[in-house]
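Right, one structure below, let's go through it.
Just so you know, all these numbers are worked out from the coordinates, no wet-lab data involved. Everything quoted here is computed from the prediction, not taken from an experiment. Every residue, glycine among them, receives a Cβ derived from its backbone with ideal geometry; neighbour counts consider all protein chains shown.
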Ligand code: NI
């Protein structure tokens, strides 16, 4: 059985790498390279997978919510992803990289009986990134 729980957070970022010139960055990242950054209202879907227990559930919703709040939302909501997250330092804060980072943040303190199965992040109405976890 799989449960997907949905969360939301707002954060800003700028896509830029020191490995490229400013012209190359502008070409590669387009509007997302604008010097002063921009924000997104991200939707984070966390999926867990496992057997249904005697209570008829995969996982206690409050326990999952508390873990996501402590490990992720409290650290990313209303933050600047270029400088406020140590885990993303030195990386371009694309939503692909953010998905890997959020998976690691969750796995670090994962104590739930069900397994973390997927992290999915919608950045805009047109872009959704899915990371299936091992
Ligand atoms: Ni963006």
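See the values below:
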read-out	value
Search result, residues across the range 5-24 that are out of contact with any strand residue (DSSP E or B) (no Cβ under 9 Å at 6 or more places or on another chain) and closer than 18 Å to residue 129 by Cβ	15
Flag for residue 121 being in contact with a strand residue (DSSP E or B) (Cβ under 9 Å, 6 or more places away or on another chain), assigned to a loop (DSSP other than H, G, I, E, B) and within 17 Å of residue 3 (Cα to Cα)	no
Only one of 45, 84 that is more than 16 Å from the ligand (Cβ to nearest atom) and closer than 24 Å to residue 124 by Cβ	45
Members of the range 18-42 found to be surrounded by 16 or more Cβ atoms within 10 Å (Cβ to Cβ) and out of contact with any helix residue (DSSP H, G or I) (no Cβ under 9 Å at 6 or more places or on another chain), listed by number	29, 32, 37
Matching option when the condition is without any contact (Cβ under 8 Å) to a residue 60 or more places away in the chain and closer than 26 Å to residue 133 by Cα, among 75, 79, 2, 27	75
Any chance residue 68 is touching a residue at least 60 places away in the same chain (Cβ under 8 Å) and in contact with a helix residue (DSSP H, G or I) (Cβ under 6 Å, 6 or more places away or on another chain)	no
